[in-house]
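Visitor: My questions all concern the structure below.
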Amino acid sequence: MKFSEYNPSKIEEINRLFIKTFSDSEGKSEGLVIGELTNNFMTNTDADDFYCFVVRENNEIIGAVFFSKLTFESGVKAYILSPMATLTKHQGKGIGQKLINFSLDVLRKNGVELAVTYGDSNFYSKVGFKQITEAIVPAPLELSYPEGWLGQSLIGDRIDPIVGKSYCVEALNKQDLW
């Protein structure tokens, strides 16, 4: 397996990965929603405001994860992990966890202080995310599932409370995604 940042020439392959993976697990309509989201990241979001990391096996992208800028009035350098996908036939082998750990190491080296995500705490706790409240890290939009708000400091052992509003990139700035 080879982990790397994405190559912009692979937008179509990455999009297909997300559409297929989310269609397999959540249904075709969810696959299309997530496909649109990933396409928006790669085509309409400033390259400085997101990262996409991939894992390849036999020259095929089998997993990918996006991190996009989460801006706080306080100036904390933060990114939100969303979405993440591993092809169904490769799930359950720890590939997603390895990809996230690789990604977090790159973010840390690039001076990112905080990573957050909104999802399954059972999965994301395996890579260091812990449940947080909006009193600690304000979400940019209303959370429909507050238990899924998770974070981890990339510079220390704990997350200091962040005061003020947060803002996500336009691709994520849709209430139905939250």
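The values are calculated or read from the model by the stated rules, or taken from the named source; none is laboratory data. Nothing here was measured: the structure is a model prediction, and the numbers come from that model. Counting neighbours? That spans all protein chains shown, and the Cβs are built from the backbone with ideal geometry, glycine included.
Visitor: I need the full set of residues from region 31-77 which are closer than 27 Å to Gly94 by Cβ and exposed (fewer than 14 other Cβ atoms within 10 Å of the Cβ), in order please.
Guide: Passing the criteria: Glu57, Asn58, Asn59, Glu60.
Visitor: If you go through region 93-116 one residue at a time, do you hit one that is exposed (fewer than 14 other Cβ atoms within 10 Å of the Cβ) and farther than 20 Å from Ala64 by Cβ?
Guide: Yes, because at least one residue in region 93-116 is exposed (fewer than 14 other Cβ atoms within 10 Å of the Cβ) and farther than 20 Å from Ala64 by Cβ.
Visitor: Additional query: Can you tell me which residue is farthest from Tyr79 (Cα to Cα) among those in region 1-46 that are free of Cβ contacts under 8 Å to residues at least 12 places away in the same chain and in contact with a helix residue (DSSP H, G or I) (Cβ under 6 Å, 6 or more places away or on another chain)?
Guide: That would be Ser23.
Visitor: Okay, moving on. Within region 28-58, count every residue that is more than 19 Å from Trp178 (Cβ to Cβ), not hydrophobic (A, V, I, L, M, F, W, C) and not in a helix (DSSP H, G or I).
Guide: 5
Visitor: Name every residue in region 68-109 that is closer than 19 Å to Cys52 by Cα and charged (D, E, K, R), in order of residue number.
Guide: Selection gives Lys69, Lys77, Lys98, Asp105, Arg108, Lys109.
Visitor: Another question about this same structure. Output yes when any residue across region 128-139 is part of a strand (DSSP E or B), buried (at least 19 other Cβ atoms within 10 Å of the Cβ) and out of contact with any Cys (no Cβ under 9 Å at 6 or more places or on another chain), and no when none is.
Guide: no
Visitor: Counting only residues that are among the aliphatic types (A, V, I, L, M) and part of a helix (DSSP H, G or I), how many does region 73-127 have?
Guide: Count: 7.
Visitor: Filter region 32-59 down to residues that are closer than 24 Å to Val127 by Cα and of a type outside the set (Val, Ile, Thr), then give me how many there are.
Guide: 9
Visitor: For region 18-47, give me the residue count where each residue is in contact with a strand residue (DSSP E or B) (Cβ under 8 Å, 6 or more places away or on another chain) and either at pLDDT below 95 or on the phi > 0 side of the Ramachandran plot (or both).
Guide: The number of residues fulfilling the criteria is 0.
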